[in-house]
Structures are given as structure tokens and as C-alpha cells.
1. Can you tell me which residue within the stretch 36-62, out of those that are within 24 Å of the chain's Cα centre (by Cα) and either touching a residue at least 40 places away in the same chain (Cβ under 8 Å) or surrounded by 13 or more Cβ atoms within 10 Å (Cβ to Cβ) (or both), is nearest to residue 12 (Cα to Cα)?
2. Which condition breaks for residue 66 when tested against (1) at pLDDT below 85; (2) over 41 Å from the mean Cα position of the chain (by Cα)?
3. Just to be sure before I move on: is residue 27 at pLDDT 80 or above, over 37 Å from the mean Cα position of the chain (by Cα) and not assigned by TED's automatic domain parsing to the domain that holds residue 107 in the structure I sent?
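The values are calculated or read from the model by the stated rules, or taken from the named source; none is laboratory data. Note that the coordinates shown come from a computational prediction; the quantities given were computed from them, not determined experimentally. Counting neighbours? That spans all protein chains shown, and the Cβs are built from the backbone with ideal geometry, glycine included.
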């Protein structure tokens, strides 16, 4: 905004009063046209710079908004996932003893989706920490977050 104000408000150079030639009307008209043309070029050059700077500012602002509103990392909590009997039976192929609670890491934002992503701790099931287990949200009774995390 300041650059656009500068384009319009700041002086562009000398004016017609600096003409030092004779009183010939043709010479005066030529000088005035040249003076106006120089001023126009100066304003256009400043305007181009202001447009470039404004465009860069718009891109930086948009990038800031995108980065600011999206998380670069997923909110994860460690704890125990308590499932319904039906949810536990769905994990038959992964867990040998089907414990009523599974300890691991929950991707918290997935609690708002149809499937919850949960990484079961090593030793709890054959599914390792690297591969999240997708559990239907309606089969999740509770998530008990570990204290201190």
C-alpha cells in the first residue's frame, strides 16, 4: 500500500518552470511533451515495482495462511484404546490374545473421521508401530491417554 502511495504522491522530477530556451512555442510544447512523457515513464516504472512487491506480499500471505491453518505434524497421543467386542474380533488376524485394551499411539484428528488410526505398540500385536491399524470409530469405546503425555 505504501508503494502505491509513493507512486502517486512523490515528486517525479523537474517541471515546466525549468525550461531555459527561447520563447518559441514549438520548443516550449516539445519541452512540455518530453517532460510529461518522462514523468509518465517514472510513474509507470514505480507502478510496476509496486505491483511486483504487492504480488510477492500476496503470495507470502497466502503461504503463511496455508502453513498456519494446516498442521505440519499430526497430533498424536500415547495411551490405551478400548474397543467393543466387535472391534476386537476385527483384530483377530493381528492380535493373538485379543486384549480388551490396546496400548499404542492414536492419531487424534482421526477421532472425527469414520476410521481411527492407531499404532499398536510392539509386543501387543503383530502389527508394528509403523503401520497404523484402521479401526471403525463406532467400535471405539474410549481412549485412555497416558498420564504425563
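1. Step by step, filter the stretch 36-62, then rank; the result is 51.
2. Here residue 66 clears every test but (2).
3. No: the conditions fail for residue 27.
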